1. If I filter segment 86-95 for residues that are farther than 18 Å from residue 52 by Cα, in contact (Cβ under 8 Å) with a residue 60 or more places away in the chain and among the hydroxyl-bearing types (Ser, Thr, Tyr), do I get at least one hit?
2. Please give the strands (runs of 3 or more DSSP E) falling wholly within segment 1-91 in which 2 or more residues are in contact with a Gly (Cβ under 8 Å, 6 or more places away or on another chain).
3. Filter segment 30-48 for residues that are more than 24 Å from residue 1 (Cβ to Cβ), of a type outside the set (Lys, Arg) and either open to solvent by less than 60 Å² (accessible area, probe 1.4 Å) or touching a Lys or Arg at 6+ places or on another chain (Cβ under 7 Å) (or both) and give the result.
4. Spot the failing condition for residue 64; the list is (1) more than 20 Å from residue 115 (Cβ to Cβ); (2) surrounded by 13 or more Cβ atoms within 10 Å (Cβ to Cβ), and only one is missed.
Amino acid sequence: QVQLVESGGGLVQPGGSLRLACAASGSAFSIYVMAWYRQTPGKQRELVALITVSGGTNYADSVKGRFTISRDNAKNTVYLQMNSLKPDDTAVYYCNAGFGRTAYWGQGTQVTVSS
């Protein structure tokens with residue numbers, strides 16, 4: 001069992017930056033593929049970025065060049081650095097940990113980009 005707790009969301013102006021963090025409880029954090037998803041009302045949850053066990057990364061086209069995912073296995077934490085934020089980035093951001101067919105989700109953190 002893994003528990004995920006996100007932090008770092010908030011209100012930011014367009015062009016600003018935020019860094020989200022997701023702290024995982026339990027052991028064996030390093031074996032999980034970690035990812036960030038986001039969801040807005042009435043839309044499906046979409047993958048924003050993921051990072052593999054070996055550190056490989058993948059991003060949604062809409063965030064490439066602006067967002068960076070990273071992980072610190074010693075701290076059981078995954079991060080999402082978000083730069084050049086746009087109003088379209090407004091969403092609830094969820095952390096996900098995956099291993100085989102097993103997946104865990106955090107409760108989500110709200111990110112609002114508005115002037």
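The values are calculated or read from the model by the stated rules, or taken from the named source; none is laboratory data. The shown structure was predicted, so the numbers you read here are calculated from the model rather than taken from an experiment. As a convention, Cβ positions derive from the backbone with ideal geometry for all residues, glycine included, and neighbour counts pool all protein chains shown. Protein only, heavy atoms only, side chains kept; ligands, DNA and RNA dropped before computing areas. Shrake-Rupley method; radii C 1.70, N 1.55, O 1.52, S 1.80 Å.
1. yes
2. On the way: elements: 4-7, 10-12, 18-24, 33-39, 46-51, 57-59, 67-72, 77-82.
It comes to 4-7, 18-24, 33-39.
3. Hits for segment 30-48 are 40, 46, 48.
4. Checking residue 64 against (1) more than 20 Å from residue 115 (Cβ to Cβ); (2) surrounded by 13 or more Cβ atoms within 10 Å (Cβ to Cβ), the one that fails is (2).
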